[in-house]
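In what follows, a structure is listed as structure tokens, so that the remarks can point back to it.
The values are calculated or read from the model by the stated rules, or taken from the named source; none is laboratory data. These numbers come from a predicted model, not from an experiment. Positions of Cβ are backbone-derived with ideal geometry, glycine not excepted, and every protein chain shown enters the neighbour counts. Note: areas computed on protein heavy atoms with side chains; ligands, DNA, RNA excluded. Shrake-Rupley method; radii C 1.70, N 1.55, O 1.52, S 1.80 Å.
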Amino acid sequence: MASDGGLARFLEAAGFERVEGEVEPEYGVTMLLAGGGGPLVFRVRGAPLDAGGNVVSARERVLQALGASSDAEAYEKLLRAMSSPEPLRFTGAPTLREAPRGLLDAPAVRFYEGEGGPYLTASVFIACWRGVCNASVHRVMVKGERVGVVRVVPRHLWRLYREAVGEGRDLPVTVVLGVHPAVLLAAASSPRLGVFELGVASALLGGLEVYESPVHGNPVPAGAGVVVEGWLTRETAPEGPFVDATGTLDKVREQPALRVEAAYYNPDGVSHVILPAGREHLMLMGFPREAQVWEAVSRVVPRVHAVRLTPASGGWLHAVIAIEKNHDGDAKNAILAAFAGHPSLKHVVVVSPDIDVDDPGDVEWAIATRFQADRDLVVVREARGSTLDPSAPEGFTTKLGLDATKPLGGGVEYEKATRIPGRGLVRVR
Ligand code: MN
């Protein structure tokens with residue numbers, strides 16, 4: 001059965017906890033979501049509809065959103081959807097109501113000290129220009145009811161925007177909040193230009209119901225909670241500072257201004273607030289990249305056991321990859337493939353399948369007992385890095401790969417050996 005692509009529908013299935021009373025838009029949402037836990041539904045003071053938070057902060061919820069029972073199955077599903085998107089199913093529009101305070105009603109939320117203003121963080125930008133449609137996630141710094149500034153990294157939306165600007169036009173955009181996590185994951189993945197991410201979501205969800213947005217006629221997931229029609233204008237304004245995935249303040253940049261034409265909400269939908277640097281932020285950004293690393297490394301080693309973009313690195317800069325080897329050189333090839341699969345990756349540790357990639361202590365143990373720097377280290381100087389890394393000036397970074405796998409035929413001295421007869425392996429730390 002096709003999905004309406006709404007967050008409300010997903011929350012009904014996944015279950016959630018309702019927060020009583022109203023949550024303050026200034027730092028109150030931060031305090032609420034920083035507490036972690038499962039999906040929450042709450043009302044930000046002044047907003048005309050509820051919002052969800054911590055929806056997919058747990059990996060199991062991501063798997064649930066993708067209808068998968070393991071990471072490998074979810075990666076495969078996402079990769080297949082990216083290469084084989086499905087058509088959208090057009091339906092009639094739901095009854096939309098006008099949001100009286102425009103972007104503020106989305107709702108706009110102030111998260112941390114030192115940021116440039118209140119933000120929208122779960123905002124999916126849908127744009128079609130000259131026959132190419134694109135959906136991608138971009139934060140919006142809200143300057144007023146009808147004005148925002150949008151961080152547009154130089155990828156596909158940027159390209160459509162530049163083409164429009166080159167023709168002396170503003171780019172028509174439809175901004176939606178409160179969509180199914182599969183739609184967010186599709187929008188956060190990077191299929192080639194020309195593959196519409198809503199089609200990727202349609203493949204993930206077994207069909208995606210959309211309607212034509214009221215002003216621009218852009219396809220909108222039928223269950224979206226908030227729909228904003230606007231223009232990514234030729235005017236620019238300072239955007240930021242903003243706390244990004246690494247938990248550091250991203251710098252101020254001159255970015256395109258968003259001018260709002262009309263803002264609506266769906267009374268049967270909910271909006272969505274993603275806590276910057278929170279687990280949900282990391283999961284939504286990182287999971288599609290894990291899939292790409294998994295695919296790239298799978299091409300060069302017999303089997304990839306697990307891939308993790310680690311939470312401490314913003315779910316972005318560091319990876320731990322557990323592999324099975326046929327040859328002791330396989331781990332170094334895995335390192336090179338991982339850098340190719342996720343260009344923002346900075347440090348990668350490759351381990352054997354007996355290491356728990358979710359346990360930094362286990363990974364450190366592998367480095368302590370299986371790694372020699374003169375033999376097992378790969379250093380790539382001055383490669384393209386991530387703009388999220390404050391220590392990478394101009395985006396140049398030095399990449400580091402550690403082969404901490406146990407050698408083939410390495411013998412018993414490489415094995416975990418805190419065993420007791422009849423009990424097997426005992427955790428002693
Ligand atoms: Mn795209």
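Which count do you get for residues in segment 160-191 that are within 12 Å of the ligand (Cβ to nearest atom) and under 17 Å from the mean Cα position of the chain (by Cα)? Write out each step before concluding.
Of segment 160-191, the ones within 12 Å of the ligand (Cβ to nearest atom) are 160, 186-191.
With under 17 Å from the mean Cα position of the chain (by Cα) added as a condition, the list becomes 186-191.
Residues flagged as within 12 Å of the ligand (Cβ to nearest atom) and under 17 Å from the mean Cα position of the chain (by Cα) within segment 160-191 amount to 6.
Within the span defined as segment 356-364, one or more residues are open to solvent by less than 80 Å² (accessible area, probe 1.4 Å), within 30 Å of R155 (Cβ to Cβ), touching a strand residue (DSSP E or B) at 6+ places or on another chain (Cβ under 9 Å) and in contact (Cβ under 8 Å) with a residue 12 or more places away in the chain. For E239, indicate whether it is crowded, with 23+ Cβ neighbours inside 10 Å and among the charged types (D, E, K, R). Spelling it out, E239 is indeed crowded, with 23+ Cβ neighbours inside 10 Å and among the charged types (D, E, K, R).
When you scan segment 15-25, do you find a residue that is closer than 29 Å to D358 by Cα and among the aliphatic types (A, V, I, L, M), even just one?
Filtering segment 15-25 for residues closer than 29 Å to D358 by Cα gives 15-17.
This time we only want the ones that are among the aliphatic types (A, V, I, L, M), so: none.
Among the residues of segment 15-25, not one is closer than 29 Å to D358 by Cα and among the aliphatic types (A, V, I, L, M), which makes the answer no.
In segment 186-201, the residues that are outside the structural domain of A222 (by TED's automatic domain parsing) form no Cβ pair under 9 Å with any partner that is within 7 Å of the ligand (Cβ to nearest atom) and open to solvent by 30 Å² or more (accessible area, probe 1.4 Å), whether six or more places apart or across chains. The set of residues in segment 130-151 that are open to solvent by less than 10 Å² (accessible area, probe 1.4 Å) and within 12 Å of the ligand (Cβ to nearest atom) comprises N134, A135.
When R234 is tested against (1) over 24 Å from the mean Cα position of the chain (by Cα); (2) open to solvent by less than 10 Å² (accessible area, probe 1.4 Å); (3) not aliphatic (A, V, I, L, M), only condition (2) is not met.
Would you point out the residue of segment 370-429, among those that are part of a strand (DSSP E or B) and of a type in the set (G, A, S), that is farthest from V349 (Cα to Cα)? My answer is G424. For A222, indicate whether it is on the phi < 0 side of the Ramachandran plot, within 16 Å of the ligand (Cβ to nearest atom) and modelled with pLDDT of 95 or more. No: the conditions fail for A222. Consider A127 carefully, then state whether it is within 13 Å of the ligand (Cβ to nearest atom), open to solvent by less than 60 Å² (accessible area, probe 1.4 Å) and under 21 Å from E197 (Cβ atoms). Spelling it out, A127 is indeed within 13 Å of the ligand (Cβ to nearest atom), open to solvent by less than 60 Å² (accessible area, probe 1.4 Å) and under 21 Å from E197 (Cβ atoms). Only one of the numbered conditions (1) under 22 Å from E76 (Cβ atoms); (2) part of a helix (DSSP H, G or I); (3) over 23 Å from the mean Cα position of the chain (by Cα) is violated by I323, and that is (2).
Please find, among L157, L205, the residue that is in contact with a His (Cβ under 9 Å, 6 or more places away or on another chain), modelled with pLDDT of 95 or more and more than 16 Å from the ligand (Cβ to nearest atom).
Values: L157 fails: more than 16 Å from the ligand (Cβ to nearest atom).
After ruling out the rest, the residue left standing is L205.
With the structure loaded, tell me whether S57 is polar (S, T, N, Q) and open to solvent by 40 Å² or more (accessible area, probe 1.4 Å) or whether it fails that test. If you could, list the steps in order and put the result at the bottom.
On the way: polar (S, T, N, Q): yes; open to solvent by 40 Å² or more (accessible area, probe 1.4 Å): no.
So S57 does not fit the description; no.
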